[in-house]
Structures are given as C-alpha cells and as structure tokens.
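The values are calculated or read from the model by the stated rules, or taken from the named source; none is laboratory data. Quick caveat, the model's predicted, so the values are computed rather than measured. Using ideal geometry, Cβ is built from the backbone for each residue, glycine included, and neighbour counts are taken over all protein chains shown.
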Amino acid sequence: MASAFDTASAFAYAPAPESRSVVDIAPSYGLFIDGEFTEAAGGKVFKTVSPSTEEVLSEVAQAGAEDVDRAVAAARRAFGKWSALPGAERAKYLFRIARIIQERSRELAVLETLDNGKPIKETRDADLPLVAAHFFYYAGWADKLDHAGYGRDPRPLGVAGQVIPWNFPLLMLAWKIAPALAAGNTVVLKPAETTPLSALFFADICRQAGLPRGVVNILPGYGDAGAALVAHEGVDKVAFTGSTAVGKAIARQVAGTRKKVTLELGGKGANIVFDDAPIDQAVEGIVTGIFFNQGQVCCAGSRLLVQESIQDELLDALKRRLSTMRLGDPLDKNTDIGAINSAEQLARITALADTGEAEGAERWSPECELPSAGYWFAPTLFTGVTQAHTIARDEIFGPVLSVLSFRTPDEAVAKANNSQYGLSAGIWTEKGSRILAVANKLRAGVVWANTFNKFDPTSPFGGYKESGFGREGGRHGLEAYLDV
Amino acid sequence: MPSPQLSPPPGQGGAATLAAFADVTASDSTLRRFLHGLPGVDAVGLEARAASLGTRSIKTTAKAYAIDLAISMIDLTTLEGADTPGKVRALAGKAVNPDPTDRTTPRTAAVCVYPDMVEAAKAALGGSGVKVASVATAFPAGRAALDVKLADTRDAVAAGADEIDMVIDRGAFLAGHYLKVYEEIRAVKEASGAARLKVIFETGELSTYDNIRRASWLGMIAGADFIKTSTGKVAVNATPANTLLMLEAVRDFRAQTGVQVGVKPAGGIRSTKDAVKFLVLVNETAGQDWLDNHWFRFGASSLLNDLLMQRQKLATGRYSGPDYVTVD
C-alpha cells in the first residue's frame with residue numbers, strides 16, 4: 001500500500017451547528033406600539049415554537065382590534081412629522097437600520113432559522129443579505145423621489161397597514177417597510193402568527209436606530225388582527241403577501257374605499273427546460289426552484305415542464321442530485337432542507353401529495369430519514385403529471401415538484417400559461433433567441449432565464465392573474481406607497 | 001440513483017471505449033459534431049454551484065478524514081528548470097514521510113517530475129509504494145513534433161515512470177482540429193504502455209467552460225486514465241468551477257460507458273481549506289467512488305505543508321507554525 005490511510009470509509013460530514021448563543025430570546029414579548037413594547041389590551045398571548053423541534057421559543061402578546069386602534073393612531077400621529085422630513089433625513093434612518101441589520105445579521109439569521117425552520121445556510125446567505133440590501137436600496141430613493149417618474153415631489157399615502165407571511169418573515173418585512181418609510185409613510189405591520197420573533201427584533205432595531213416613535217408599529221397576532229388592520233378606517237394603504245384566498249377577501253373588503261392595495265399571492269411557477277438546456281445547471285435550477293425554503297415560496301418553480309426528448313435523462317440527473325441533499329437540523333451549516341413551518345402547513349402538503357398519488361401520478365423521494373420531532377416532509381417528485389392533476393394546478397407550498405412534459409415551444413408556453421396563477425417562470429436553453437421569444441409570451445410577473453429564485457431589490461416583483469397585483473421592489477415598488 | 005460500480009484497472013476499459021466511440025472518431029467532422037452536441041455549460045450557474053459547495057462546513061472528524069485523504073492524494077510536484085537529483089531526493093523523502101514527527105501521516109500518492117528526473121525519483125522512492133509521475137510531451141507548452149513528444153514519453157516510461165502527465169495541443173484544439181488532438185492522445189497512451197496516462201488540458205488556455213467539457217470527453221474517449229486541469233504554468237489553473245465541470249464529465253462518462261476516469265486539479269491549490277472544498281466537490285458530484293487516490297489527485301507542492309500544519313493542530317489543539325514542518 002502506498003498509504004497507511006484507509007480510504008474505504010465514507011466522507012461523512014460531522015455536525016457543524018451554528019451557535020444558538022448568538023441570539024438571546026426573551027421568555028415573552030409585547031406588541032410594539034408608539035416606540036414601546038406593550039401588552040395586548042385583551043391580555044392575550046400565544047406561543048411561538050421552533051418547527052424543527054416543537055420547542056417553545058417564547059410567549060408573544062396577541063394583538064386584537066383595540067391594539068390595532070392604538071397602533072394606527074400612533075402611526076397617524078407620527079405621520080405628519082415623518083412625512084415632512086426632508087428625504088435625505090429619512091434616508092439616514094434607513095441607512096442606519098440597514099447597517100444595524102448587517103451588524104446583527106448572524107444573530108438575526110439564527111433567530112429566523114429557529115422560528116421559521118429554514119436552514120441557516122439560507123438565512124445567512126439569502127434572507128439576511130437581501131433584507132439589508134432592501135433597506136440600503138430604498139434608503140437611496142428617499143431623497144430622489146422627484147426622479148422616480150411620478151412628477152415633482154410625490155406625496156406619501158399616510159398610514160400603511162401591512163400583513164406578511166411566515167415563509168420569509170424578515171425579508172417580507174423589509175419588502176414592505178423599506179419602500180413605505182422611504183416614501184414618507186408610517187406603518188403598522190402584522191407578522192404571521194408562526195413567525196413573530198424577527199419582526200419584534202426589528203422593532204428593537206428601530207429603537208436602536210433612533211427611529212421616531214410611531215413610525216413603525218409591530219402587531220404580532222392571528223388572522224383576526226390582520227383583518228382588523230386591513231379594515232381599519234385610519235389605514236390609507238394595504239399591502240398583503242400571503243394566500244390567494246385571503247387576498248381575495250382583502251380585495252373585497254377594501255373595494256369602494258379610498259385605500260390603495262397591493263397583493264402578492266400564490267403561484268404555480270413553470271420551470272421550462274428545453275432540450276438544448278445546460279443540463280447540469282438546469283438541474284441545479286430545478287432544485288433551487290422547488291426546494292429553496294422547503295418549497296414554501298410563492299414564486300417556487302413547482303411545475304417542471306421538460307421537453308419530452310430529454311425527460312428521462314433529466315429526471316435521472318435530478319434524482320441523483322436529490323439523493324445528495326441533506327435534510328435535518330436547520331442550524332447545521334450543511335443542512336440543505338429544513339423543517340416545514342407548521343403542523344398545519346405540513347398537513348396541507350401531505351394532503352395534496354396524497355391527492356397526487358390518488359390521482360395516479362407517480363411519486364418519488366430520495367431515501368431520507370425524517371427527524372422524529374418537528375414538522376418534516378421529504379423532497380418529493382411526481383412524474384406522469386398532466387394538466388388535469390390537482391398537483392399541477394393547486395399551489396402546494398412545499399417541497400413537492402410536479403413534472404410535466406411538452407414537445408414544442410408553443411406547447412410549453414401554452415401549458416405554462418394554463419394556470420390561475422402567474423407569478424414566476426423559468427426558461428432553460430442555451431439559445432438566446434428562444435429565451436427572448438418565450439419570455440415575451442409567458443404571463444408571469446418574473447421570468448428567469450437559466451437561473452431561478454434570484455432576487456434583487458432593484459428588480460420589481462409581482463403577479464399576473466390570481467397571483468396578485470402591484471409590484472414590490474425597484475423603482476416600481478415606490479408607486480405602491482406614493483399618492484400617484 | 002444506482003450507478004454502475006465498474007472500475008476496471010487501467011487499460012482494461014480502453015479497448016471497449018475505443019470501440020464504442022468508433023463512429024464518433026471516424027473523422028474530424030463526426031468528432032466535432034459529437035463534441036459540439038454535448039450539453040452546454042452555463043457559466044454563472046456552474047460557478048454558483050461550485051461556490052455553494054464551497055460553503056460546506058467540514059469540522060472535527062470530517063476534517064481529520066479530509067486532511068488525511070488530501071495528503072494521500074497529492075502528486076508532490078517539482079517542475080523547475082533548476083531541479084536537481086538532490087532536490088528530487090528531498091521531495092521523495094517528503095512524499096514517503098511527510099511529517100517526521102508523526103509516522104501515522106499518510107504518504108502522498110506520487111511525486112511528479114520532468115522525465116530526466118524520473119530515474120532519481122524512482123531510486124529515492126524505492127519500494128515505498130509512492131508512484132513516480134512524469135510530465136511529458138514537451139510540457140508545458142506542448143509545442144513540438146509528435147515524434148519528439150512520443151520520444152519524451154518513452155524516455156520517461158523507460159526510466160520507470162508509473163504515470164505520464166501529458167499536455168494536449170491547445171493550438172490544435174482551439175483551431176478545431178479535434179481529431180489531431182485525439183490521435184495524439186492515443187499515440188501517447190500507446191507509448192505510455194502500462195503507465196497511467198493523465199491528460200492535461202490547460203483549462204486556462206481553453207478559456208470557456210464549453211471547451212473544457214469538450215476537451216474532457218475528447219480525452220476520455222481517447223483513453224485517458226485521468227483528466228487534469230492545468231500545468232500550473234499559466235495564470236489560471238485549477239478552480240473549483242473547472243474541476244466541478246470535469247467531475248461531472250467523469251461521472252457522466254462512467255454512467256454511459258462503465259469506465260471510470262480520474263480527475264486531477266493542479267496548480268493554485270495551496271491551503272487545507274481549498275483542498276477540503278475540492279474534496280466536497282468530489283463527494284457531492286462524482287461521489288464516493290472517486291474519494292481515493294487511484295481516482296483523484298492534487299497537483300501541488302506547498303499544499304502539503306499546510307495540510308500537515310492543520311493535521312498537527314487537530315492532534316495537539318494548537319497551531320505549530322511553518323518551522324515545525326519540513327522545507328524541502
């Protein structure tokens with residue numbers, strides 16, 4: 001033997017957990033109204049748990065209608081002074097918030113991973129850098145609103161009522177709060193009931209940055225608090241990200257009022273792979289498209305449309321790749337797939353996957369041991385799916401990919417557009433002219449070419465059809481918060 | 001996804017491979033059609049994947065495993081105009097006994113020298129089991145007549161080289177004369193006899209990832225036992241992305257033909273951290289079958305001392321410093 005070293009053993013990665021001690025979670029949190037943490041008027045509290053272990057992380061005050069009144073009133077009081085500040089002064093606060101987020105990013109990443117269940121790799125490398133980037137980006141707009149394309153000195157709307165989901169708690173907060181403040185509005189934001197903690201840490205960051213009282217108010221709570229906020233007379237602007245069902249209810253509720261609305265709802269993104277695609281990178285893009293954040297992404301590429309001539313080859317490569325994915329402790333730096341956010345969501349994913357099987361689609365998952373505690377779902381592929389299957393039409397919001405095939409570019413476009421949704425799509429081909437031709441025909445708010453789930457604060461994001469209306473991000477994102 | 005577990009000893013897969021690709025290598029145009037028909041490479045996506053695998057956190061037992069594995073995979077290299085038998089003897093001593101303070105340290109896979117130093121290397125390594133690899137074919141530029149390249153190769157083999165590291169004719173490749181490159185590799189393979197043949201593409205000169213994928217397949221169908229990134233003599237040598245791409249090529253080639261081919265990144269890999277990243281690429285792309293010095297090598301010289309210092313640190317808990325490893 002040339003070597004005393006035995007290479008027969010496998011390269012098993014030892015546990016590499018990120019330290020929990022970088023974040024100090026208090027046993028209880030209040031609502032954040034008018035610059036102060038306060039108990040809910042009704043004295044109600046709810047528990048927030050870590051989805052990967054079901055451990056209770058903290059007890060949080062639960063906002064009710066009375067608290068919504070207080071918060072909207074505080075935001076209204078703050079609006080006059082805040083909107084009268086020169087843009088450059090508002091920008092200073094936003095830059096300060098962005099820098100504090102960067103400084104505290106490790107702490108916030110661990111917190112988000114604990115409360116949401118997503119891998120630390122994602123909170124560290126995607127969520128937190130994007131959160132800071134959104135604040136930096138809109139800080140830059142605050143003193144340049146004259147040049148945003150809405151005429152001279154565009155005015156803010158007033159008080160924005162914002163309701164955000166649990167899949168990217170802090171990032172969705174940033175998408176909502178950064179443009180609102182840059183434009184001169186004040187906000188009342190309700191985080192999702194399963195992920196209230198990062199928004200409450202953000203409240204602390206607002207205080208650290210010296211943000212005037214009442215400019216940002218955070219109301220943890222359930223759907224009733226969200227509904228009260230949306231319906232409140234004192235709210236001038238409603239921004240919602242979440243399910244299409246709730247979005248429709250909101251649209252009905254605000255119809256006929258003065259309120260301006262943006263809705264970012266569900267999706268059933270088509271990821272289209274042509275036979276001349278860069279196969280290895282397409283496989284990565286399919287994986288990123290549907291398994292990023294356990295597929296709990298509104299713009300997930302949950303429908304794979306693959307050209308029939310390369311279907312077998314692509315699926316073999318995809319399955320081989322899925323077999324290397326690491327599911328487990330979200331705090332482990334080598335974890336690729338974390339926990340599902342809640343028992344309720346897990347039940348929904350499970351039921352839809354079962355429907356897929358019952359309707360005759362073929363189900364496949366890599367060998368993968370699920371932890372005994374917490375909410376987990378193995379990455380799953382369905383082949384033999386047609387447009388008639390429920391799993392080809394309904395949003396699953398989980399790590400479940402439906403594979404359909406097509407023969408020609410026209411058929412790919414027709415199938416991709418044959419959906420009640422229209423949020424995202426992906427095109428994989430080495431042929432530039434095909435990218436342009438197909439992208440022009442796709443009815444989706446964002447179309448990625450040879451990549452997927454790539455986000456940038458400078459790029460507008462939003463839906464067609466039942467995926468919602470209005471745009472967030474970029475210059476376009478300012479419109480939602482200006483009286484134009 | 002089960003993949004074929006075939007790993008024939010060197011040479012055995014060769015004849016079958018040649019036959020399987022007879023149609024492809026029938027003419028310049030058929031070969032061109034085949035190589036240009038391989039799936040394209042999206043540069044942004046490839047580099048993103050390599051970078052994302054670079055964030056794997058390899059700690060404690062896994063790090064100890066990776067360090068020893070990396071040491072065992074080094075082709076400890078000296079390729080200087082100033083090489084002397086004395087320098088080569090020193091290098092051979094280091095290869096056999098990398099850390100004099102710890103005899104459990106694995107030996108390196110090989111020492112890699114110019115053909116005229118093979119004899120000295122062979123004599124110094126004796127029966128240690130450490131192989132002698134020799135660059136050949138007018139390394140590093142490869143700008144010489146074919147018979148000169150073949151004579152260079154035969155010299156090295158006659159002097160006892162176990163492995164031949166040849167360079168391809170990049171000029172011919174970039175001019176689109178793929179059949180010329182193919183035939184040259186085959187001729188060198190034949191001249192190498194029982195020695196294992198590593199084919200160096202000089203990826204930094206091929207420049208595009210599409211070219212690197214084509215060169216990889218060209219080398220493999222011509223009978224390469226190893227495909228190797230670079231000579232270490234140009235500005236861009238081994239990178240995580242080009243090595244990842246070559247690992248995909250050997251993986252796909254085995255799936256298609258049953259023949260396993262090795263990969264050797266060379267040049268620019270100097271730290272333990274870098275080496276571990278490359279091993280992660282191997283593990284998660286080609287898979288465990290390549291985690292063995294028969295199938296994966298590092299062409300490096302200064303890397304070894306960094307691996308030894310990290311190895312000592314894992315054992316003792318403190319960092320020793322460059323005076324506690326040998327300078328050769």
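Of note:
- Selection within segment B:25-70: residues that are within 23 Å of residue B:291 (Cα to Cα) and basic (Lys, Arg). The member of this set that is surrounded by the most Cβ atoms within 10 Å (Cβ to Cβ) is B:49.
- Selected residue [crowded, with 16+ Cβ neighbours inside 10 Å, assigned by TED's automatic domain parsing to the domain that holds residue A:392 and either of a type in the set (Val, Ile, Thr) or under 20 Å from residue A:391 (Cβ atoms) (or both)] from A:347, A:361: A:361
- Residue within segment A:66-87 that is touching a residue at least 24 places away in the same chain (Cβ under 8 Å), of a type in the set (Ser, Thr, Tyr) and outside any helix (DSSP H, G or I) present: no
- Restricting B:225, B:210, B:252 to those that are more than 18 Å from residue B:54 (Cβ to Cβ), in contact (Cβ under 8 Å) with a residue 40 or more places away in the chain, among the acidic types (Asp, Glu) and within 12 Å of chain A (Cβ to nearest Cβ) reduces the list to B:210.
- Within segment B:192-216, if we keep just the residues that are assigned to a helix (DSSP H, G or I) and polar (S, T, N, Q), the residue that is farthest from the chain's Cα centre (by Cα) turns out to be B:211.
- Residue within segment A:311-334 that is under 27 Å from residue A:413 (Cβ atoms), away from chain B (no Cβ under 14 Å), among the polar types (S, T, N, Q) and not in a helix (DSSP H, G or I) present: no
- Segment B:13-44, residues that are within 14 Å of another protein chain (Cβ to nearest Cβ), of a type in the set (Val, Ile, Thr) and free of Cβ contacts under 8 Å to residues at least 40 places away in the same chain: B:44
- Subset of segment B:91-146 that is more than 21 Å from the chain's Cα centre (by Cα) and not in a loop (DSSP other than H, G, I, E, B) - its residue that is farthest from the other protein chains (Cβ to nearest Cβ): B:146
- Residues satisfying the stated conditions in segment B:264-275, i.e. buried (at least 23 other Cβ atoms within 10 Å of the Cβ) and either at pLDDT below 95 or within 14 Å of chain A (Cβ to nearest Cβ) (or both): B:275
- Verdict on residue A:277 being crowded, with 24+ Cβ neighbours inside 10 Å, at pLDDT 95 or above and under 13 Å from residue A:425 (Cβ atoms): no
- Tally, over segment B:45-61, of residues that are assigned to a helix (DSSP H, G or I) and facing another protein chain (nearest Cβ under 7 Å): 5
- Residue under evaluation residue A:19, criteria (1) among the hydroxyl-bearing types (Ser, Thr, Tyr); (2) in contact with a Gly (Cβ under 9 Å, 6 or more places away or on another chain); (3) exposed (fewer than 15 other Cβ atoms within 10 Å of the Cβ), criterion not met: (2)
- Flag for residue A:323 being under 21 Å from residue B:284 (Cα atoms) and of a type in the set (Gly, Ala, Ser): yes
- Residue selection: residue B:224 satisfies the criterion of being more than 19 Å from residue B:273 (Cα to Cα), in a loop (DSSP other than H, G, I, E, B) and modelled with pLDDT of 95 or more.
- Members of segment B:291-328 found to be surrounded by fewer than 23 Cβ atoms within 10 Å (Cβ to Cβ), assigned to a helix (DSSP H, G or I) and within 14 Å of chain A (Cβ to nearest Cβ), listed by number: B:314
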